[in-house]
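Right, one structure below, let's go through it.
Rule-based calculations on the coordinates, nothing more; no lab input. Please read these numbers as outputs of a predicted model, since none were measured by experiment. Heads up, the Cβs are rebuilt from the backbone with ideal geometry, glycines too, and the neighbour counts pull from every protein chain shown.
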Ligand SMILES: [Cu+2]
C-alpha cells in the first residue's frame, strides 16, 4: 500500500498539467477519427463515382478480322473470314467505340445494320467505329465483300444492346 504523507499532497499545478496532457491525447484521437471518417466518406464517394461513371464512359471493344482455312482430302480449300469476337454485348445508352484491326484479308468494307454505319477495315490498319447504343436489339456487322459462304464468309458479327 502506498503511503502518501499529508504534507505531500499532489499540488494543483501538477494535476492541471495532467489534465492538459489528457486533453491533447483526446484531441489527437479525435483528429484520427475525423481523418478516418473523412477517408471512409471519400472512398465511398469514389466508389459511387466509378459505378455511375461506367454508364457515362465510352466502352471500347477491340476486334480483329480473322480467317478460318482448311484443305479437304480432295485438295479443295475452304476459307471463311470472321469478325473476332463474333458477338459483342453492350448496355443500352452506352457510348461504344469499336476498334477493329485488320489482320486477315486485304479489305473488309462493312455496314452495321440498323445503326446506319459504314466503314472499311484494311489489313494492318485500325478502324474506329463510334456510336451511341440508343436502342436495344441485335445489330449485325456485315462485311460486304464476304457476306456469306459463297463469298468467303459469312463474315457477320453481332452487336447485342441490352
Ligand atoms: Cu470481309
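Can you give the FRET efficiency for residue 113 and residue 151, using 1/(1 + (r/R0)^6), R0 = 22 Å, r = Cβ-Cβ distance, to the nearest 0.05?
0.80
Please give the FRET efficiency for residue 87 paired with residue 40, using the beta carbon to beta carbon distance and R0 = 41 Å, rounded to the nearest 0.05.
0.50
At 7 Å along the Cα-to-beta-carbon direction for both residue 76 and residue 27, put a label point, then send me their distance in nm to one decimal.
Rounded to a tenth, the inter-label distance reads 9.1 nm.
Normalised by the residues of region 58-161, what does the relative contact order come to in percent, with Cα pairs under 8 Å and at least six apart?
30 percent
If I histogram all Cα-Cα distances within region 107-157 using bins 5 Å wide from 0, what percent of pairs lands in each bin?
5, 20, 27, 24, 15, 7, 2
Beyond 15 Å, what share of the Cα-Cα pairs of region 58-161 remains, rounded to the nearest whole percent?
Working: 3262 of 5356 pairs.
Every Cα pair in region 58-161 considered, those over 15 Å come to 61 percent.
Taking a spot 7 Å from the Cα of residue 103 along the direction of its beta carbon, which residues of region 55-86 have an amide N less than 15 Å from it?
Once the point is set 7 Å along Cα→Cβ of residue 103, 62-69, 80-86 turn out to lie under 15 Å by backbone N, inside region 55-86.
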